[in-house]
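For reference, the structure is listed below as structure tokens.
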There are 2 protein chains.
Amino acid sequence: MKAVIDENVLHDLCCEEDHSGLKEHMALVKKLNNEIPPEEELFDLADFFKVFGDCTRIRILCALLYGEMCVCDIAQALSMTQSAISHQLRVLKQAALVRSRREGKTVYYMLSDDHIISILSQGLEHIEE
Amino acid sequence: MKAVIDENVLHDLCCEEDHSGLKEHMALVKKLNNEIPPEEELFDLADFFKVFGDCTRIRILCALLYGEMCVCDIAQALSMTQSAISHQLRVLKQAALVRSRREGKTVYYMLSDDHIISILSQGLEHIEE
DNA sequence: CAAATATATGAGCAATCGTTCATATGTTAT
DNA sequence: ATAACATATGAACGATTGCTCATATATTTG
């Protein structure tokens, strides 16, 4: 192993102008218990991000930023078929990114929590560079 | 449009016990200039998250949490072929998630900034629920 | 220069993904 | 019950993805 380990990483982080990364790094390393997490957890993590990795799903999430919407309105807003939207809403729901509420014939979807907003926001920050 | 708009969202957020989401929401809405961002930006955002949406790439990023590593060591650490790792490092590099440094025959890869750490960390937080 | 080592890359293939189309399920109104 | 509307879902198909294998490029050493 030629890899530079542990303390050097912390040293590098400490020597940067922006110290905000250090706390997050420590939190993550603590969370990881100083080891690469078990395969299963990394698999879940990849699966989680995979859901964000599709333009249609991102557009749905952005549409829901402004409040809950029913399926047909989302479809109309994105100029896509009801079926396509419904399929993707299922993916989003399985990943717990959205939840739904039925009101008669129509089903309203909304973001399941505002964790999602900060993840989207952080992604946007990164690509604007 | 049956969608609930704007102020209602803010109202909902204000009425939650945890107020931490509001600031982030406002930041994002401000960033979006109160509109769904142009298709191109959402496309880029999806592309960005897509990179995190693969188990091998996540494992590489986690390996690099502890410091820079050369290609063959990453391959050994993850029990994968050098070629597979090299292909994925290219994807990670194109997405600006890693950068590399050549030292003789060997090429060392490292995380390009600690933004990535906080994104990983935030993802882990979400799946641990 | 040739050999050895580390990395990068192109072609090909199996698997996964996102959409469409047809159809099923669920709800309301007549 | 029947019709109308909203949503969900299964099959199928084209596109994309991640790996393997073979080979190319780059660097060091003899």
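Points to keep in mind about this one:
- Other protein chain C-beta atoms within 10 Å of residue C-beta, averaged over B:37-47: 5.
- On the beta carbon distance between A:Ser112 and B:Ser83, with R0 = 35 Å, the FRET formula returns roughly 0.30.
- Placing a label point 7 Å from the Cα of B:Cys72 along the Cα-to-Cβ direction, the residues of segment B:89-122 with a backbone N closer than 12 Å are B:105-107.
- Calculated FRET efficiency for the pair A:Asp47/B:Gln122, C-beta based, R₀ 22 Å, to 0.05: 0.90
- Here the chain A residue lying nearest the rotation axis onto B, judged by its C-beta and given with the distance in whole angstrom, is A:Gly53, 2.
- Inter-chain neighbour count for A:108-119: the average number of beta-carbon atoms from partner chains within 10 Å of each residue's beta-carbon is 5.
- Across peptide B:52-62, the mean count of Cβ atoms from other chains lying within 10 Å of each residue's own Cβ comes to 6.
- Inter-copy label distances at A:Ala84 (7 Å, Cα→Cβ; nm, one decimal): 3.4
- Inter-copy spacing of A:Thr106 label points, which lie 7 Å from Cα along Cα→Cβ, given in nm from shortest upward: 6.2
- For segment B:42-127, the Rg and Dmax computed from alpha carbons only, in angstrom: 12.7, 41
FYI, it's all coordinate maths here, none of it is from the lab. Computed from a predicted model, the values in this text were never measured in an experiment. We place every Cβ from the backbone using ideal geometry, glycine too, and count neighbours over all the protein chains shown.
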